[in-house]
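Participant: Sharing a structure, written as structure tokens. Questions coming.
The values are calculated or read from the model by the stated rules, or taken from the named source; none is laboratory data. Note that the coordinates shown come from a computational prediction; the quantities given were computed from them, not determined experimentally. Methodologically, a virtual Cβ is constructed for each residue, glycine included, from the backbone with ideal geometry; neighbour enumeration extends over all protein chains shown.
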Amino acid sequence: MLKIKVLIGILLLQSSFLLSAAIDVYQFDDPEKEQRFQKLAFELRCPKCQNQNIADSNAEIAKDLRTKIQQMLIAEKSDTEIVDYMVERYGDFVLYEPRVKPQTYLLWYGPGLFLVLGLIAVVLIIRNRNKAYDKTNEQKASLSDSEAKALHDLLEMKQGKN
Amino acid sequence: MPRLLLFIPLLLFIILGGFLWKGLSIDPRELPSALLDKPFPEFTLATLQEPERIVSKQDFIGQPVLVNVWATWCPSCRQEHRQLLAIAQSGKIPVIGLNYKDERDLAIEWLQQLGNPYQFNIYDAEGMLGLDLGVYGAPETYLLDAQGIIRHRHVGVLTAEVWQELQLIIKGWDSVKN
Amino acid sequence: MIPEIGEFALIIALFLSAVLALVPMYGAVVDKELWMSYARPLAKGQFLFVLISFLCLGYAFSQDDFSVIYVAQHSNSQMPMQFKLSAIWGGHEGSLLLWAFILSGWTLAVSLFSRTLPLDMLARVLSVMGIVATGFISFLLITSSPFLRYLPRFPEDGADLNPLLQDFGLIVHPPMLYMGYVGFSVAFAFAIAALLSGRLDTAWARWSRPWTNIAWAFLGLGITLGSWWAYYELGWGGWWFWDPVENASLMPWLVGTALVHSLAVTEKRGVFKSWTLLLAIFAFSLSLLGTFLVRSGVLTSVHAFASDPERGFFILMLLAITMGGSLTLYAFKAPNVKSESNFSWLSREVLLLVNNVFLTVMAFTVLLGTLYPLLIDALGMGKISVGPPYFNAVFVPIMSIMSIAMGVSIAVRWRETSAKLVLDKLWLPAVISILCALVFPIFYGSGFDFRVFIGISVSLWIISTVITEFIGKFRNTQSLSTKLKQLSFSYYGMMLAHIGVAVTAIGITLVSSYSEERDMRMAKGDSVELAGYQFTFHGTHIVTGPNYMADQATIEVTEDGKAVVTLHPEKRRYNVKRNMMTEADIDAGLFRDLYVALGEPLNNGEAWAVRVHYKPYVRWLWLGGILMALGGLVTVADKRYRKQSGQQELTNA
């Protein structure tokens with residue numbers, strides 16, 4: 001019973017973060033800065049929410065982080081500096097684009113690698129099939145006349161069925 | 001050889017299954033502090049109850065402390081308050097409060113009503129110290145060692161079990177010292 | 001009383017599905033016709049009782065029976081009736097009941113529409129579906145029953161459904177999605193039946209195809225609906241977030257697409273049988289994996305139904321049994337599959353195999369990205385996030401390359417084609433696509449844009465190759481109409497679906513590159529300019545809905561002084577949950593959407609934060625999805641699947 005109340009409570013709390021889009025007004029004189037702001041807010045994750053970037057989230061912490069980004073942009077900090085600032089305090093978790101380091105090599109290079117491996121596999125498979133088909137053709141040539149006729153009859157019957 | 005290849009999907013699934021099973025016992029929303037084993041950030045802020053008194057890191061470095069992030073708008077903070085009072089009374093470790101993005105009057109009233117376990121409260125109205133600390137919601141509790149290095153962070157209500165855990169960590173330092 | 005009947009009906013259904021899982025399968029193994037013939041009636045019985053259970057839950061919702069915990073959690077007396085009913089699947093337990101209901105529906109359909117199927121095959125197929133049903137119904141009864149009660153004291157009124165869900169989207173999106181997820185169980189059942197019986201000839205592929213195509217179409221439609229719903233409901237104009245729950249639906253769709261193509265090759269040419277079997281197993285496994293991911297709490301998501309590791313464990317067991325069992329069966333039985341024909345390097349077979357590789361890699365990429373944070377965490381290497389920047393960077397290039405292969409494959413024949421023939425057919429579409437793509441961004445946008453070039457050239461390539469091939473069919477015919485009638489529904493379906501892909505690609509490219517948005521502080525009379533339109537804010541007034549109150553803004557949109565539309569975005573406060581929700585207003589157009597949403601009131605309501613979007617070609621995204629689904633459904637009308645007379649004796653032999 002308590003578990004259910006807790007569950008409802010959690011749902012209520014969480015849903016309050018979902019319900020309104022985060023539409024605040026952040027003024028920038030420079031359209032380039034505004035673009036950078038949007039890009040950064042899109043790529044940084046809200047540390048508290050259920051998988052939202054800080055642009056979309058209405059949570060307090062997301063608002064604070066957006067304000068901080070705005071301040072840092074106005075203070076002429078570079079994108080890298082801003083991102084590093086966030087990672088220093090919240091860890092890699094806050095990056096939606098994982099950094100390329102040994103832990104993420106599989107992530108970044110895996111798909112390309114598997115694509116190449118898959119295509120190589122296709123090449124090998126087709127080559128093997130062609131070899132096997134040629135071999136059975138050779139074998140067919142070495143059948144005796146009666147065997148060849150029997151094979152021929154069997155094949156005809158099978159084709160008739162299909 | 002081709003026969004063995006056919007077992008690869010099964011093998012991959014077993015590995016995947018293993019990870020998923022392990023995943024069931026992990027909470028994906030629990031974030032470890034990015035500042036673990038790093039010094040507590042520098043700051044200069046006023047205290048909650050005495051707005052003229054400015055405090056900084058120096059005011060609590062020198063011994064292990066607990067820094068507790070709390071606010072009146074946080075319902076769980078109310079839940080852990082009793083445990084904090086107990087810790088303060090036991091005298092084992094001083095508790096410093098970080099009043100996070102709160103209203104001064106409400107916070108002072110709260111402490112008057114429920115009791116004050118804190119040696120003093122840092123009044124972080126804008127949340128900027130919280131940001132430097134990597135706070136993402138209240139309540140959070142940080143365990144600092146005597147040099148002001150963050151050794152542990154607990155997110156959520158400070159329960160008796162968590163306090164046991166913290167005590168074990170502190171005891172570990174004492175034994176190293178001796 | 002009614003909820004208890006619902007629970008009891010479910011228990012009966014469980015027994016029926018368990019018997020269905022065992023008896024006909026046993027009958028197939030020992031070749032006893034009587035036992036096998038139980039399959040059909042058991043399927044009907046299972047459906048009947050799950051239906052009763054489903055109706056009981058619906059009744060509880062419609063009567064505001066808040067003594068039922070699930071109803072109290074997800075409903076409220078003030079809610080409009082259509083949402084009360086769709087709230088049946090608004091939460092974890094009820095959506096599982098929907099799953100079970102749709103599963104028993106598909107099982108019934110297979111039992112009804114399979115007169116050409118030999119009895120032992122039908123018995124095995126229905127038994128496998130019975131196994132899946134047993135798993136899900138027992139999951140329902142043991143861990144997630146929607147019929148539990150709050151007794152003796154129950155709330156006077158319910159907690160209300162999350163306002164975001166009180167929308168048309170909830171009525172259509174989950175059922176469509178589940179039709180797809182569950183529909184893949186049919187392809188899965190056919191594959192398992194084929195492996196078990198050793199009947200690995202192409203007849204199996206022919207039987208599977210219509211079921212698979214329908215399931216694929218529904219899943220695609222469900223995903224399209226979900227994207228559209230998120231777009232207008234969530235208020236920030238996004239349409240895909242690479243969220244784990246979204247990915248959970250995309251993965252089976254990608255593998256399903258590979259399966260649809262692979263089945264075609266297997267049916268027509270008798271090749272790639274092992275691969276097709278594996279794909280059928282994968283597609284359904286991914287459906288189950290998706291079910292696991294969104295309910296176990298293993299991943300964080302805005303869409304997550306439940307975060308209950310206990311339930312997660314149960315689903316993991318289900319997954320282990322189905323996937324583990326089927327993959328083991330595959331490993332032992334697949335070598336018995338023999339290929340029936342041969343083909344050269346430049347042939348449709350090869351290109352479809354390449355297509356399969358691409359689609360599988362794409363599905364794998366999505367899986368890798370979705371699970372990577374879990375992987376890293378489980379290995380104790382910390383917490384990372386993998387989000388849209390990663391997926392967009394990795395997924396889009398692979399998709400683009402595959403689209404090139406798509407165009408080529410249409411021109412290539414079965415078995416072998418001369419390179420010269422292919423080049424003859426393809427040079428013109430290639431030139432047209434590249435030229436148009438070079439020119440388009442210059443005229444439409446502000447100059448050359450590489451991303452737009454790639455997106456447009458690839459989409460035009462797909463469309464022009466399809467059209468070229470289509471026109472080529474009429475070259476030697478006298479009568480247009482006879483030729484049109486001669487072309488099979490399969491072919492028309494293929495054309496529709498491929499064009500659908502191109503349309504979606506165009507939509508994605510253009511909306512990603514050319515959409516504009518502004519967040520503005522607007523007071524009465526303020527105006528903002530965006531993409532050639534002027535948006536003027538004329539203040540707000542209060543409106544009342546059935547279970548909410550709202551501030552409704554009036555925003556007049558003009559273009560060069562001429563009135564275009566007046567939009568009324570709202571900021572709603574729902575009476576029960578007391579949360580604020582923004583309801584955007586959109587002027588939808590084929591070539592652009594104008595999207596306005598209200599943010600927070602500023603200065604005590606004297607001004608508002610307003611977000612204004614210009615979204616070009618965004619509807620093409622979903623139009624393409626609809627075309628794809630339509631294409632899938634059209635192929636099923638093909639007369640191959642309706643011819644029942646002569647085939648019966650042959651296939652029963």
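Participant: Out of the residues in region C:63-88 that are within 13 Å of chain A (Cβ to nearest Cβ) and of a type in the set (Phe, Trp, Tyr), which is nearest to the chain's Cα centre (by Cα)?
Facilitator: C:Tyr70
Participant: Listed residues B:Tyr142, B:Tyr136; which is surrounded by 21 or more Cβ atoms within 10 Å (Cβ to Cβ) and modelled with pLDDT under 90?
Facilitator: Going through B:Tyr142, B:Tyr136 in turn, the sole match is B:Tyr136.
Participant: Considering each of C:Gly369, C:Gly382, C:Gly387 in turn, give the residue that is modelled with pLDDT under 90 and within 8 Å of chain A (Cβ to nearest Cβ).
Facilitator: Unique residue meeting the criteria: C:Gly382.
Participant: Name the single residue, out of those in region C:282-301 being touching a residue at least 60 places away in the same chain (Cβ under 8 Å) and of a type in the set (Val, Ile, Thr), that is farthest from A:Phe93 (Cα to Cα).
Facilitator: C:Thr291
Participant: I'd like the full set of residues that are out of contact with any Phe, Trp or Tyr (no Cβ under 9 Å at 6 or more places or on another chain), free of Cβ contacts under 8 Å to residues at least 60 places away in the same chain and surrounded by 13 or more Cβ atoms within 10 Å (Cβ to Cβ), limited to region C:467-490.
Facilitator: Selection gives C:Ile467, C:Thr468, C:Glu469, C:Phe474.
Participant: Determine whether region B:141-159 contains at least one residue that is outside any strand (DSSP E or B) and without any contact (Cβ under 8 Å) to a residue 60 or more places away in the chain.
Facilitator: No, there is no match, as no residue in region B:141-159 is outside any strand (DSSP E or B) and without any contact (Cβ under 8 Å) to a residue 60 or more places away in the chain.
Participant: Still on this structure, please answer the following. So, of the residues in region B:145-178 that are among the aliphatic types (A, V, I, L, M) and loosely packed, with under 13 Cβ neighbours inside 10 Å, which turns out to be farthest from A:Glu88 (Cα to Cα)?
Facilitator: Restricting to residues being among the aliphatic types (A, V, I, L, M) and loosely packed, with under 13 Cβ neighbours inside 10 Å, the top hit is B:Ala160.
Participant: Let me ask something else. Kindly provide the set of residues from region A:33-47 that are acidic (Asp, Glu) and out of contact with any helix residue (DSSP H, G or I) (no Cβ under 7 Å at 6 or more places or on another chain), ordered by number.
Facilitator: A:Glu34
Participant: Conditions: (1) within 32 Å of the chain's Cα centre (by Cα); (2) surrounded by fewer than 20 Cβ atoms within 10 Å (Cβ to Cβ); (3) within 30 Å of C:Asn247 (Cα to Cα). C:Trp414 meets all but one. Number of the miss?
Facilitator: (3)
Participant: While we're looking at this one, here's another question. State which residue is nearest to C:Ala230 (Cα to Cα) when the search covers only region A:21-45 and only residues that are facing chain C (nearest Cβ under 10 Å) and in a loop (DSSP other than H, G, I, E, B).
Facilitator: Going through the qualifying residues, I end up with A:Ala21.
Participant: Of the residues that sit in region C:587-631 and are touching a helix residue (DSSP H, G or I) at 6+ places or on another chain (Cβ under 9 Å), of a type in the set (Lys, Arg) and assigned to a strand (DSSP E or B), which one is farthest from the other protein chains (Cβ to nearest Cβ)?
Facilitator: Looking at the filtered set, the residue picked out is C:Arg592.
Participant: Scan C:Ser400, C:Ser433, C:Ser418 and give me the residue that is more than 14 Å from chain A (Cβ to nearest Cβ), without any contact (Cβ under 8 Å) to a residue 60 or more places away in the chain, under 30 Å from C:Ser344 (Cα atoms) and hydroxyl-bearing (Ser, Thr, Tyr).
Facilitator: Going through C:Ser400, C:Ser433, C:Ser418 in turn, just one is more than 14 Å from chain A (Cβ to nearest Cβ), without any contact (Cβ under 8 Å) to a residue 60 or more places away in the chain, under 30 Å from C:Ser344 (Cα atoms) and hydroxyl-bearing (Ser, Thr, Tyr): C:Ser433.
Participant: Which condition from (1) in contact with a Lys or Arg (Cβ under 7 Å, 6 or more places away or on another chain); (2) surrounded by 24 or more Cβ atoms within 10 Å (Cβ to Cβ); (3) within 14 Å of chain B (Cβ to nearest Cβ) is the one that C:Leu263 breaks?
Facilitator: Single failed check for C:Leu263: (3).
Participant: Another question, if that's okay. Can you run down the residue pairs with Cβ atoms below 6 Å, 6 or more apart or on separate chains, where the first is in region A:51-62 and hydroxyl-bearing (Ser, Thr, Tyr) and the partner is at pLDDT 90 or above?
Facilitator: As it stands, the answer is A:Ser57/A:Cys46, since those pairs meet every condition given.
Participant: Residues in region C:162-169: is at least one in contact with a helix residue (DSSP H, G or I) (Cβ under 8 Å, 6 or more places away or on another chain), under 23 Å from C:Leu633 (Cα atoms) and away from chain A (no Cβ under 14 Å)?
Facilitator: Within region C:162-169, one or more residues are in contact with a helix residue (DSSP H, G or I) (Cβ under 8 Å, 6 or more places away or on another chain), under 23 Å from C:Leu633 (Cα atoms) and away from chain A (no Cβ under 14 Å).
Participant: As an exercise: evaluate C:Glu570 against (1) closer than 18 Å to C:Trp229 by Cα; (2) facing chain A (nearest Cβ under 9 Å) and give the number of the one condition it does not meet.
Facilitator: Tallying (1) closer than 18 Å to C:Trp229 by Cα; (2) facing chain A (nearest Cβ under 9 Å), C:Glu570 fails exactly one: (2).
Participant: Among (1) of a type in the set (A, V, I, L, M, F, W, C); (2) modelled with pLDDT of 90 or more; (3) exposed (fewer than 14 other Cβ atoms within 10 Å of the Cβ), there is one condition B:Leu10 misses while meeting the rest; what is its number?
Facilitator: (3)
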